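Colleague: The structure is given below, and queries will be raised subsequently.
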Amino acid sequence: MPLSSAVHAAAEVPDTLTWTVPFGVGGGTDVWARFMSNWVTKDLPGNPAVVIDNVPGGGSITGVNLFSKRAGDDGDEMVVTSASTQYPAMLRDRRVRYDYADWEPIFAAPTGGVVYASSSLGKDSASALEALASQEVKFAGQNPTGLEMPVLMAFDLLDFQVNPVFGMKSRGEGRLAFERGEVALDFQTTSAYNSNVTPLVDAGQAVPLFSLGVMDDEGHIERDPSFPDLPTFSELYLAQEGHSRDDEAYQIFHKFFASGYAMQKMLLVPKGVDPELLELYRQAARDLAKDPEFLKEATEKVGPYGLMVGKAAATQLQDAMQLSEAEHEWVKNWLMERHNIRLQSR
């Protein structure tokens, strides 16, 4: 009998769990949710069915607003969120009617990513990094308040002379602009980097510069196990004279990195759910995180990273989502001064 069943046999698991997915069918978050739903309930008593309720709109805000309004405390309703849901809440978007403080995470799943440059800037990372500090280059992005925001912050914190061009419909379009030679700097998440950029590196057309890294349960950024030979942004930043983890800009970067990458996708329930039932869900996730069959299939289909479960996820989520007034003001000023974006916040 799995530990989850033995320890929490008294907790009553609903027959059916409804997962609100605030994106359309077939997108990255929907694919992740459907994959995870097939595994998460495996060790739960009764093997409950999971119904995926896709509620797209407003960049995920519509569906999450609806979940926040209607979800009860019975433990049968859960919501799947992503960086596209976390960032508007952190930026105090006026459309947001939800508060992460009202929810408890069951588990969070990270993703990683790599920044790379054209080999025209240098044959190795050291020479390319040196060129980026003195030579203006273009970067093709989607928008400065989306998933690329901590990457753009990293460019500025490393004093890269970057001229971003926004309007790409996806990171894939940014990569194609890089391949056409229209931009000399790009960023891709791990799966896209491995599939599409590694061949460019092997062909001598691209030079990897740094990864964003991964975050441990204590909130420390470590080297990405998918790219153990690449330094993280944090390593490069902290190696510069006079820089420390206490720097306000670095701490703000860390919050957006944590909520957008270290906990990019999350499964949450309302805070009033029976603590025993919540722990049952979390223990099932812990059991799953050690399941070799799951790990093998997850690596192939949704990425090579482990799950952050329970209190560790809750602690890191709480820290990441809270921007002080001063930090919020810093972000507003940065968006205006660097990207001519006036943040319409509450």
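Colleague: Can you tell me which residues in segment 90-140 are in a loop (DSSP other than H, G, I, E, B) and among the small types (G, A, S)?
Modeller: Passing the criteria: G112, G122, A133, S134.
Colleague: Let me ask another. For segment 283-324, give me each residue that is open to solvent by 50 Å² or more (accessible area, probe 1.4 Å) and farther than 27 Å from D102 by Cα.
Modeller: Correct list: K290, P292, E293, L295, K296, E297, T299, E300, K301, V302, P304.
Colleague: Could I ask something else about it? Given the conditions (1) modelled with pLDDT of 90 or more; (2) under 22 Å from R286 (Cα atoms); (3) open to solvent by less than 40 Å² (accessible area, probe 1.4 Å); (4) not basic (K, R), and given that S5 satisfies all but one, which numbered condition is not satisfied?
Modeller: (1)
Colleague: Among the residues of segment 33-58, how many are under 23 Å from P88 (Cα atoms) and either at pLDDT below 90 or open to solvent by less than 10 Å² (accessible area, probe 1.4 Å) (or both)?
Modeller: 1
Colleague: State whether the residues of segment 325-341 include one that is touching a residue at least 40 places away in the same chain (Cβ under 8 Å), open to solvent by 30 Å² or more (accessible area, probe 1.4 Å) and assigned to a loop (DSSP other than H, G, I, E, B). If you could, list the steps in order and put the result at the bottom.
Modeller: At the first step, the residues of segment 325-341 found to be touching a residue at least 40 places away in the same chain (Cβ under 8 Å) are 326-328, 330-331, 334-335, 338-339, 341.
With the extra rule that they be open to solvent by 30 Å² or more (accessible area, probe 1.4 Å), the set shrinks to 326, 330, 338, 341.
Those left that are additionally assigned to a loop (DSSP other than H, G, I, E, B): 341.
Yes, that holds for at least one residue.
Colleague: Against the definition (open to solvent by 40 Å² or more (accessible area, probe 1.4 Å), under 17 Å from the mean Cα position of the chain (by Cα) and in contact (Cβ under 8 Å) with a residue 24 or more places away in the chain), how does D217 come out, yes or no?
Modeller: Yes.
Okay, residues lined up against (1) β-branched (V, I, T); (2) closer than 15 Å to M36 by Cα; (3) out of contact with any Gly (no Cβ under 8 Å at 6 or more places or on another chain):
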{"residue": "L267", "(1), (2), (3)": "no, yes, yes"}
{"residue": "A284", "(1), (2), (3)": "no, yes, yes"}
{"residue": "A298", "(1), (2), (3)": "no, yes, yes"}
{"residue": "K301", "(1), (2), (3)": "no, yes, yes"}
{"residue": "V309", "(1), (2), (3)": "yes, yes, yes"}
{"residue": "A326", "(1), (2), (3)": "no, no, yes"}
{"residue": "K332", "(1), (2), (3)": "no, no, yes"}
{"residue": "H339", "(1), (2), (3)": "no, no, yes"}
{"residue": "L343", "(1), (2), (3)": "no, no, yes"}
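Colleague: Let me ask something else about it. Could you please tell me which pairs satisfy a Cβ distance under 6 Å, a separation of 6+ or placement on different chains, a first residue in segment 233-253 that is in a loop (DSSP other than H, G, I, E, B), and a second residue that is modelled with pLDDT of 95 or more?
Modeller: H243/Y237
Colleague: Looking at G174, G181, which one is on the phi > 0 side of the Ramachandran plot and of a type in the set (G, A, S)?
Modeller: Going through G174, G181 in turn, just one is on the phi > 0 side of the Ramachandran plot and of a type in the set (G, A, S): G181.
Colleague: Inside segment 222-241, can you point out the residues that are under 20 Å from L307 (Cα atoms), open to solvent by 20 Å² or more (accessible area, probe 1.4 Å) and either in contact with a helix residue (DSSP H, G or I) (Cβ under 7 Å, 6 or more places away or on another chain) or among the acidic types (D, E) (or both)?
Modeller: Correct list: E222, S226.
Colleague: Output yes when any residue across segment 290-303 is closer than 22 Å to P45 by Cα and of a type in the set (A, V, I, L, M, F, W, C), and no when none is.
Modeller: Yes, there is a match, as at least one residue in segment 290-303 is closer than 22 Å to P45 by Cα and of a type in the set (A, V, I, L, M, F, W, C).
Colleague: Something else now. From the residues in segment 141-158 that are within 30 Å of F35 (Cα to Cα) and either part of a helix (DSSP H, G or I) or among the hydrophobic types (A, V, I, L, M, F, W, C) (or both), which one is most open to solvent (accessible area, probe 1.4 Å)?
Modeller: L147
The values are calculated or read from the model by the stated rules, or taken from the named source; none is laboratory data. Source: prediction; values computed, not measured. Ideal geometry is used to build each Cβ from the backbone, glycine not excepted, and the neighbour counts take in all protein chains shown. With ligands, DNA and RNA removed, areas are computed over all heavy atoms of the protein, side chains included. Shrake-Rupley method; radii C 1.70, N 1.55, O 1.52, S 1.80 Å.
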